[in-house]
1. Answer yes or no as to whether residue 40 is at pLDDT below 95 and assigned to a strand (DSSP E or B).
2. I need a count of the residues in the stretch 94-123 that are at positive phi and surrounded by 12 or more Cβ atoms within 10 Å (Cβ to Cβ).
3. Output the strands (runs of 3 or more DSSP E) that fall wholly within the stretch 45-139 and possess 2 or more residues being more than 30 Å from residue 25 (Cβ to Cβ), at pLDDT 95 or above and over 13 Å from the mean Cα position of the chain (by Cα), or say none.
4. I'd like the full set of residues that are over 30 Å from residue 116 (Cβ atoms), without any contact (Cβ under 8 Å) to a residue 24 or more places away in the chain and surrounded by 12 or more Cβ atoms within 10 Å (Cβ to Cβ), limited to the stretch 1-47.
């Protein structure tokens, strides 16, 4: 009859249990490895069972820059662009072409893991305003009337 269970965890994983289930927490120093469990009773240890776990690294925090009105992430893949209104659906390329003024940033997603938020760039459209006079006439130079 089993009276307790002995758990062995990969580096960076924490959790304790003497039952047949365990809840684990993976810290930033977690590494891939096997979770192993074996039963233990007055007759000794039982046969162990293992489950391999792969820990994916958190992607590097991206840095964005602006050239004219084109935003660029230094990450070539995995980009998801956001503005002050939230996620920009479908905008997952390295380059972003802002449609509205405001704050823009990117998060990189790789292997199901998300990076920290990039720097924020505030986009402001500048240039000529609308022309109020609809009576513009164009003539060659010189012109005679």
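The values are calculated or read from the model by the stated rules, or taken from the named source; none is laboratory data. Small disclaimer: the values here were computed from a predicted structure and weren't measured. Please note: Cβ atoms are built from the backbone with ideal geometry, for glycine as well, and neighbour counts cover all protein chains shown.
1. yes
2. Qualifying residue count, the stretch 94-123: 1.
3. 64-67, 70-73, 102-110, 121-123
4. Scanning the stretch 1-47 gives a single hit, 17.
Conditions (1) surrounded by fewer than 11 Cβ atoms within 10 Å (Cβ to Cβ); (2) under 20 Å from residue 124 (Cβ atoms); (3) in contact with a helix residue (DSSP H, G or I) (Cβ under 7 Å, 6 or more places away or on another chain), marked per residue:
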| position | (1), (2), (3) |
| --- | --- |
| 52 | yes, no, no |
| 62 | no, no, no |
| 69 | no, yes, no |
| 87 | no, no, no |
| 92 | no, no, no |
